[in-house]
Every structure is written in structure tokens, then in C-alpha cells.
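The values are calculated or read from the model by the stated rules, or taken from the named source; none is laboratory data. None of the values given here were measured: they were computed from a predicted structure. We place every Cβ from the backbone using ideal geometry, glycine too, and count neighbours over all the protein chains shown. Keep in mind that these areas ignore ligands, DNA and RNA; they rest on the heavy atoms of the full protein, side chains included. Shrake-Rupley method; radii C 1.70, N 1.55, O 1.52, S 1.80 Å.
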Amino acid sequence: MRDFLGRRRKLSPRRRGGRSTLLAAALTCATEWKWPVLPGVGLRPGHGRDPECGCPHPDCVVPGAHPFDPGLLAATTDARMIRWWWT
């Protein structure tokens, strides 16, 4: 990510532990910083050694590193929607 001059924003450690920490980070970005967030695809355990992308495309170029459909139009700063996506 590019550095911009000015004040650096830090995530406040609200909760410890995997999913709740990531959810807190997403909520901080959306509610405090007003950055729209959207659901990502994620990874699932693969048949071989490497994990596979959660999208339906078997030959995904960027596994786990792209938005889930419907894409960028779904981006929001609504905390209720982000919590629902997280479930």
C-alpha cells in the first residue's frame, strides 16, 4: 500500500483473536475512516498442499485476493451490513 504524507492511521486493538480482530479492522475502516469495504472471496482448503480460492473459477489467477460477486458496487460503510457479511 502506498504511504501518503500526513497523519498515519492506526487500528485500535479492540479484540484479540482471529476473526474478531479482522472484523474490528473492517468496522474501523468503514465507520471511523469512512472507507467503503466489501466482502472478499477468501481461501478454502485445497486438495493438494496449497489452499484454493473460494470463487467458482477453478483456474483463479489471484486466489483469495479479490472481491466476492457482485463486486465493487456492493462496497459500503454500513456496520450492520459488514457484520452480516462476516457471518
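Some points to look at:
- Of all accessible heavy-atom area on region 27-87, the percent that carbon and sulfur account for (1.4 Å): 60
- Nitroxide proxy distance, nm - points 7 Å out along Cα→Cβ at Lys34 and Phe68: 2.8
- Residues whose placed amide H lies under 5 Å from that of Trp35, excluding near-sequence neighbours: Ala30
- Stretchable slack from Glu52 to Trp85, in nm (0.36 nm times residue separation minus alpha-carbon distance): 9.8 nm
- Amide proton proximity set for Val41, modelled H, under 5 Å, gap of 5+: His66, Phe68
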